[in-house]
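Accompanying notes for the structure given below.
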Amino acid sequence: MFKNVLIRFCLFFLLLMCQSTFAATTLVAVAANFSKPMSEIAAGFEKATGHSANLSFGSTGKFVSQIENGGPFEILLAADEKSPEKLIKDGYAVSGSQFIYAMGKLVLWSATAGYVDEKGEILSSGNFKHLALADPKLAPYGAAAIEVLNDLKLQDKLQPLIVQSENIAQAYQFISTGNAELGFVALSQVFENGKIINGSAWIVPAQLHAPIKQAAVLLNNGIENPAATELLVYLKSAPALEVIKKYGYYLAQ
Amino acid sequence: MLSSADLDTLLLTFKVAAIATTIMLLIGTPLAWWLSRTNSSLKGVINAIVALPLVLPPTVLGFYLLVLMGPTGIIGQFTQWLGIGTLSFTFYGLVLGSVLYSMPFVVQPLQSSFAMISKQSLEAAATLRASPLDSFFTVVMPLAKPGFITAAILGFTHTVGEFGVVMMIGGNIPNKTRVVSVQIYNHVEALEYADAHWLAGCLLLFSFTVLLVLYTQIKTSPMAQPFK
């Protein structure tokens, strides 16, 4: 009886050891706007390959400084195209590994239902106290928001009402707590299965700002890690693209 | 070199810190006095609440403040009722956040120096017909002077170094809520390392000088310097 249990125990541990030899873990830096879809994609990736992905969310700018100063990340999913290119140029990322995984959509959003009209005319009324957006210097979605205000010739009028956050997740926080009546966020933050989850929104027409091309890149730390290289492959697979589309991104092609 | 935008953030930071320190001394003095003399069963609770910001991550404090100061939060409802709107993204919102955040650094040194003032000296003052208020200003304040200096300096410098709370409730508005710590962080994130170095260097020099003066020039009993 006892021997039986012992054997089972040994077999169980052997099994665990097999797992750990073949399954690897990769550390991924993910731009804040892509946190929801990436969590879902990572879960699918684990199921499909047995590898796992540890996700770290934040602003692209912060990740670039961390990577250039020895950050342990193996993949960067940036909110722009520039940052991966810069990392390759500076020798921190693998040349040729970069590709556009999603094209972002900008949305003017309020937590209050019926507050933002479908054409975004509330912007020109200026009838609010705070307009939240991510710092245009640090976050591509913030830069796109400023472009939109410029295109609508509202920049000068609305400048005093703008409150800036460090990244797009924080802009969402300002708005969802009601501290800012409305603001620009990524559609993925307020969108699921074809509709706005709560509040009211105007999906900004793509011609009002340069396309937000979000690129992924393999970092030097990840070259040897099969989990890292396979995750980049999985990101282009049909199940992953399905998730990306579900959260309101355009696909690259 | 420092740009004019960087200088603005330094000035604004010192302004927030000066106002917050004044408020903290005004509130902290009676509070510390009460805490040092009372036998009330509430003492433990109040002590714990005052010390909370020492333990909590500033982002927790900032997040609660953001929620409470919003239009549906308790503070937000109150300030709207007063007719001054909500405090988030304003200068006085930052001052409020700083007061809560740095309060333990003011109350604790005051409390320790008050605790060391003997009952006898107060009784002696009373026999000379000094009212309690009189003896507070003529006996307690001179005796606790090192405690006041320590409290003011620690309160001020800790507010200058504040980051997490401002990040959550500030909104990065030039001349209103863009303080030096946020500016340094943004320089680093934008990979403007040279600007970040200049500003960070200034802050480092300032903090070191102030603390050096505090720990070498001012003669205090060890009890009044809880962080020594």
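Straight-line reach from A:Lys157: taking Cα to Cα under 16 Å and skipping same-chain neighbours fewer than 8 places apart, the lysines in range are A:Lys129.
Counting Cβ atoms of other protein chains within 10 Å of each residue's Cβ and taking the mean over peptide A:166-179 gives 5. Divided by 2.2 N^0.38 Å, where N counts the residues, the Cα radius of gyration of the stretch A:106-203 comes to 0.95. In terms of surrounding Cβ atoms within a 10 Å radius of their Cβ, A:Tyr172, B:Tyr185, B:Tyr92 rank from fewest to most as B:Tyr92, B:Tyr185, A:Tyr172.
The fraction of Cα-Cα pairs per 10 angstrom bin, counted from 0 for the stretch B:1-92, comes to 13, 27, 39, 17, 3, 0 percent, rounded to whole percents. All distinct Cα pairs of the stretch B:40-109 go into the 1/r average, and the inverse of that average, the Kirkwood radius, is 13.1 Å.
Remark: the stretch A:32-46, residue by residue, has Karplus-estimated 3J(HN,Hα) of 3, 5, 9, 5, 5, x, 5, 4, 5, 5, 4, 5, x, 4, 5 Hz, where x stands for each Gly or Pro and the curve is 6.51 cos²θ - 1.76 cosθ + 1.60 at θ = phi - 60°. Remark on A:Glu192: its backbone amide H falls under 5 Å from those of A:Ile197, a criterion applied only to residues 5 or more positions apart or on other chains, H modelled at 1.01 Å from N. Stokes-Einstein diffusion of chain B at 4 °C, 1.567 mPa s viscosity, Kirkwood radius from Cα pairs, rounded to a whole number: 68 µm²/s. Note: the stretch B:87-152, Cα convex hull, 91 Å³ per residue. Among B:Thr22, B:Thr216, B:Thr59, the residue with the largest mean-square fluctuation in a Gaussian network model of chain B, with springs joining Cα atoms closer than 10 Å, is B:Thr216. Excluding same-chain neighbours fewer than eight residues apart, the lysines reachable from B:Lys43 by a Cα-Cα span under 30 Å are B:Lys119, B:Lys145, B:Lys219, B:Lys228. Using the empirical formula 2.2 N^0.38 Å as the baseline, the Cα radius of gyration of the protein assembly as shown reaches a ratio of 1.19. Put simply, the C-alpha atoms of chain A give a gyration tensor, and the ellipsoid matching it has half-axes of 40, 21, 15 Å, longest first.
Here the Karplus curve 6.51 cos²θ - 1.76 cosθ + 1.60, taken at θ = phi - 60°, turns the phi angles of the stretch B:193-203 into couplings of 5, 4, 4, 4, 4, 4, 5, 5, x, 4, 5 Hz, with x standing for Gly and Pro.
Each Lys and Arg contributes +1 and each Asp and Glu -1, all at the Cβ; summed about the Cα centre of the protein assembly as shown, the dipole is approximately 1220 debye. Within the stretch B:37-163, all pairs of alpha-carbon atoms sorted by distance into 10 Å bins from zero give the percentages 12, 30, 29, 20, 9, 1. As a proxy for reagent exposure, B:Val107, B:Val55, B:Val165 were ordered by neighbouring Cβ count within 10 angstrom, fewest first; the result is B:Val55, B:Val107, B:Val165.
Each of A:Gln189, A:Ser125, A:Pro140 was scored by the projection of its Cα onto the charge dipole of chain A, and the greatest displacement toward the positive side belongs to A:Gln189; charges sit on the C-beta of Lys, Arg, Asp and Glu. Computed across the stretch A:200-252, the Kirkwood hydrodynamic radius from all distinct Cα-Cα pairs reaches 13.5 Å. Between A:Glu121 and B:Gln80, how high is the FRET efficiency from 1/(1 + (r/R0)^6) when r is the Cβ-Cβ distance and R₀ = 25 Å? Nearest 0.05. My answer for the efficiency is 0.45. As a length-normalised measure over Cα pairs under 8 Å and 6 or more apart, the relative contact order of the stretch B:63-146 settles at 17 percent.
Coupling constants for the stretch A:208-214 follow from the phi torsions by the Karplus curve (6.51 cos²θ - 1.76 cosθ + 1.60, θ = phi - 60°), and in residue order they are 7, 8, 4, x, 8, 8, 9 Hz; glycine and proline get x. Amide H contacts of A:Ser165 (H built 1.01 Å from N, in plane; Pro and chain starts excluded): A:Leu133, A:Ala134, A:Asp135 sit under 5 Å, all sequence-distant by 5 or more or on other chains.
The amide H of A:Ile212, built 1.01 Å from its N in the peptide plane, has A:Gly104 as neighbours under 5 Å, considering only residues 5 or more places off or on other chains.
Here, each number is a calculation from the coordinates, and none is a lab measurement. This structure is a prediction, so every number in the text was calculated from the model and none was measured. Heads up, the Cβs are rebuilt from the backbone with ideal geometry, glycines too, and the neighbour counts pull from every protein chain shown.
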